[in-house]
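Asker: Structure incoming, see below.
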Amino acid sequence: MKDFLLSPMGLLLIYLILINLITFLTFGADKRRAKRDQWRIRERTLFLLAVIGGSVGALLGMYVFHHKTRHWYFCVGMPAILLLQIALPVIISRLL
C-alpha cells in the first residue's frame, strides 16, 4: 500500500481526493457566508478549484448545499469542466 501511495498514480489519487474535498468544503463555506450576508468567495476562485481537479467536489457542493444552482454558467460550466477532465487523458492516451 505504501508503495502505491508513493507512486505517481497514488500521488495523483491523493491530490484528487484533497482538491475535491477542499472544493466541496469551499462551496459549503460560501453558501454559509451567503446565508449570513458575509464576505463571499469569488466565483472565479470556485471555478479555479474545479479546473485544477476539484470538479467532482464542485458538483457535489453545488447540489448538496444547493449553491450556485441557479447560475447557468455554473450548471453548464462545472459539468463541462468534468467532461474535459475525463476526455483529455483518454484522447491523449489514444494519441500516444
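Read-outs: derived from the displayed coordinates by stated rules, not from any lab. Just so you know, these numbers come straight off a predicted model, no measurement behind them. Counting neighbours? That spans all protein chains shown, and the Cβs are built from the backbone with ideal geometry, glycine included.
Asker: Sequence gap at least 6, Cα distance under 8 Å: using those rules, report the relative contact order of the chain to the nearest whole percent.
Answerer: So the answer I get is 26 percent.
Asker: Could you give the DSSP H helices of the chain that reach 18 angstrom or more along their long axis (alpha carbon positions) and whose average Kyte-Doolittle hydropathy is no lower than 0.0? Provide the component values of the computation, followed by the final result.
Answerer: Details: long enough: 8-35 (41 Å, 0.96); 72-95 (33 Å, 1.73).
Long hydrophobic helices here: 8-35, 72-95.
Asker: Continuing with this model, one more query. Please list 19-29, 83-93, 40-50, 54-64 highest first by mean number of surrounding beta-carbon atoms within 10 Å per residue. Display every interim value, and only then the final one.
Answerer: Numbers: 19-29: 18.4, 83-93: 10.5, 40-50: 16.0, 54-64: 21.8.
Put in order of decreasing packing, that is 54-64, 19-29, 40-50, 83-93.
Asker: What shape does the chain have by the C-alpha gyration tensor, where a ≥ b ≥ c are the square roots of the eigenvalues, rounded means a/c under 1.5, and otherwise prolate means a/b greater than b/c and oblate the rest?
Answerer: Numbers: a/c = 3.13, a/b = 1.62, b/c = 1.93.
Since a/c reaches 1.5 but b/c is at least a/b, the shape of the chain is classed as oblate.
Asker: A follow-up question, please. For residue 38 paired with residue 70, estimate the spin-label separation in nm (one decimal), with each label point 7 Å from Cα along the Cα-to-Cβ line.
Answerer: Those two pseudo-labels are separated by 2.2 nm.
Asker: Right, here's the next one. At residue 48 and residue 22, where each label point lies 7 Å from the Cα along Cα→Cβ, what is the point-to-point distance in nanometres?
Answerer: Rounded to a tenth, the inter-label distance reads 1.1 nm.
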